[in-house]
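Enquirer: Below you'll find the structure I mean.
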């Protein structure tokens, strides 16, 4: 997941940070895995193995996440070739995702509130 830090007074997106500790030695800190609840409102096919899911969050940021097609097939309990059709019938859908950087590592479709 990208973070924003100020560099020379400008907001800059970064994926990893190097931080000096008390010994003045640099440490690289990788982005952690994060579990969050999102509402998926759109998708785009990246290639034959990945989709990009666009989510609607409270701050109207519309972040995008990459997800392996096989992970969606597992979540929907369908075949790989049925994922897009199934996804179209479920949008918008609320999900709980485990994400590292912008790639979804785990996904659970939550019951619809409609």
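The values are calculated or read from the model by the stated rules, or taken from the named source; none is laboratory data. Everything numeric here is computed off the predicted structure, so don't read it as measured data. Quick reminder, even Gly has a Cβ in these numbers, built from the backbone with ideal geometry, and neighbours come from all protein chains shown.
Enquirer: So for region 52-75 (the condition being modelled with pLDDT of 90 or more and assigned to a loop (DSSP other than H, G, I, E, B)), does at least one residue qualify?
Expert: no
Enquirer: Condition (residue is modelled with pLDDT of 90 or more and loosely packed, with under 13 Cβ neighbours inside 10 Å) applied to region 97-104: is it met by at least one residue?
Expert: Taking every residue of region 97-104 in turn, none turns out to be modelled with pLDDT of 90 or more and loosely packed, with under 13 Cβ neighbours inside 10 Å.
Enquirer: Another one. Is it the case that region 105-113 has a residue that's at pLDDT below 90, under 12 Å from the mean Cα position of the chain (by Cα) and in a strand (DSSP E or B)?
Expert: The answer is no; no qualifying residue exists.
Enquirer: Would you say residue 47 is farther than 17 Å from residue 99 by Cβ, out of contact with any strand residue (DSSP E or B) (no Cβ under 8 Å at 6 or more places or on another chain) and either loosely packed, with under 14 Cβ neighbours inside 10 Å or in contact (Cβ under 8 Å) with a residue 60 or more places away in the chain (or both)?
Expert: yes
Enquirer: Which residue is surrounded by the most Cβ atoms within 10 Å (Cβ to Cβ), if the candidates are limited to region 62-92 and must be within 15 Å of the chain's Cα centre (by Cα) and more than 10 Å from residue 107 (Cβ to Cβ)?
Expert: My answer is 69.
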